[in-house]
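Inspection log for the structure reproduced underneath, given as structure tokens.
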Amino acid sequence: DTGVSQNPRHKITKRGQNVTFRCDPISEHNRLYWYRQTLGQGPEFLTYFQNEAQLEKSRLLSDRFSAERPKGSFSTLEIQRTEQGDSAMYLCASSLGQGESQPQHFGDGTRLSIL
Amino acid sequence: AQSVTQLGSHVSVSEGALVLLRCNYSSSVPPYLFWYVQYPNQGLQLLLKYTSAATLVKGINGFEAEFKKSETSFHLTKPSAHMSDAAEYFCAVSASGGSYIPTFGRGTSLIVHP
């Protein structure tokens, strides 16, 4: 169990630029989640995958946000035309099974700062 | 629909004192409940989980939580605080009605004084 890995750890970019984050889940985990966390708040759910299928994306914050999980392994989260309000910590988590009572294993996140 | 309310954004205790972090949940179906801890610039780590097997759940680092259905509560306790317990704590609920996608509370920051 090497844990959930997220890259980069920090991303600083200018407003209007596109950014892409990567998440490598625990290898045998079939579920992968993306969250946004702002200061003083809990993780806010964005989207999740079961294997390569994206089962919920209606809670992505806008159409500027998109996520992929090709081949059911790693995942990427892309934000197009970044805005000041996108500054936050983006967390990835993975779990095993259908969700149920399985706890999520979190990566250390990618902190996005928009100049 | 499911939701979590964590009472108190900050809790301050002395080292060696009892820790009590409060969590109330709302769920239309039997829930699964979790407590996670987050240290600065890190992701969340699972402390413990309730899955209906036992109402008193023991977790790592001496923490435990009791599920009380009548009170819709899942408060986190530790008999004696240690300086290393200072962190942000999150309660989360998941249930079949929400496709088992966890809903997290806003978090409680635990401050431990020497």
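The values are calculated or read from the model by the stated rules, or taken from the named source; none is laboratory data. These numbers come from a predicted model, not from an experiment. Backbone-built Cβ (ideal geometry, glycine too); neighbour counts: all protein chains shown. With ligands, DNA and RNA removed, areas are computed over all heavy atoms of the protein, side chains included. Shrake-Rupley method; radii C 1.70, N 1.55, O 1.52, S 1.80 Å.
On inspection, A:S87 passes the criterion of being at pLDDT 95 or above and polar (S, T, N, Q).
The lone criterion from (1) closer than 24 Å to A:I114 by Cα; (2) more than 10 Å from chain B (Cβ to nearest Cβ); (3) at pLDDT 95 or above left unmet by A:T38 is number (3).
Does B:A92 fit the bill of being facing another protein chain (nearest Cβ under 10 Å) and farther than 26 Å from A:Y35 by Cα? Break it down stepwise before answering.
On the way: facing another protein chain (nearest Cβ under 10 Å): yes; farther than 26 Å from A:Y35 by Cα: no.
Judged against the criteria, B:A92 is not a match.
Taking the criterion of being touching a residue at least 24 places away in the same chain (Cβ under 8 Å), in contact with a strand residue (DSSP E or B) (Cβ under 9 Å, 6 or more places away or on another chain) and open to solvent by 10 Å² or more (accessible area, probe 1.4 Å), the residues of region B:88-101 that qualify are B:E88, B:G97, B:G98, B:Y100.
Yes/no per residue for (1) at pLDDT 95 or above; (2) farther than 17 Å from A:P103 by Cα; (3) out of contact with any Leu (no Cβ under 9 Å at 6 or more places or on another chain):
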position: B:T5; (1), (2), (3): yes, yes, yes
position: B:S28; (1), (2), (3): no, yes, yes
position: B:P31; (1), (2), (3): no, no, yes
position: B:Y39; (1), (2), (3): no, yes, yes
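Among the conditions (1) touching a Phe, Trp or Tyr at 6+ places or on another chain (Cβ under 8 Å); (2) more than 14 Å from chain B (Cβ to nearest Cβ), the only one that A:F45 does not satisfy is (2).
Only one of the listed residues (B:A54, B:A86) is within 14 Å of chain A (Cβ to nearest Cβ) and farther than 23 Å from A:T47 by Cβ. That residue is B:A54.
If A:G97 passes every condition in (1) in contact (Cβ under 8 Å) with a residue 60 or more places away in the chain; (2) open to solvent by 10 Å² or more (accessible area, probe 1.4 Å); (3) part of a strand (DSSP E or B) but one, which one does it miss? Only one criterion is unmet by A:G97, namely (3).
Please specify each residue of region A:79-88 satisfying the condition of being in a loop (DSSP other than H, G, I, E, B) and exposed (fewer than 14 other Cβ atoms within 10 Å of the Cβ).
Taking region A:79-88 first, the residues in a loop (DSSP other than H, G, I, E, B) are A:80-83, A:87.
Selection gives A:R81, A:E83.
Scan A:S58, A:S5 and give me the residue that is closer than 25 Å to B:F90 by Cβ, touching a Lys or Arg at 6+ places or on another chain (Cβ under 9 Å) and within 12 Å of another protein chain (Cβ to nearest Cβ). Give the steps one after another, and end with the answer.
On the way: A:S58 fails: touching a Lys or Arg at 6+ places or on another chain (Cβ under 9 Å).
Exactly one residue qualifies, and that residue is A:S5.
So that you can scan it fast, the table gives a plain yes or no per residue for (1) of a type in the set (D, E); (2) more than 15 Å from the chain's Cα centre (by Cα); (3) open to solvent by less than 40 Å² (accessible area, probe 1.4 Å); (4) within 26 Å of B:P114 (Cβ to Cβ):
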{"position": "B:V19", "(1), (2), (3), (4)": "no, no, yes, yes"}
{"position": "B:C23", "(1), (2), (3), (4)": "no, no, yes, no"}
{"position": "B:S27", "(1), (2), (3), (4)": "no, yes, yes, no"}
{"position": "B:P31", "(1), (2), (3), (4)": "no, no, yes, no"}
{"position": "B:F34", "(1), (2), (3), (4)": "no, no, yes, no"}
{"position": "B:L48", "(1), (2), (3), (4)": "no, no, yes, no"}
{"position": "B:T51", "(1), (2), (3), (4)": "no, no, no, no"}
{"position": "B:G59", "(1), (2), (3), (4)": "no, no, yes, yes"}
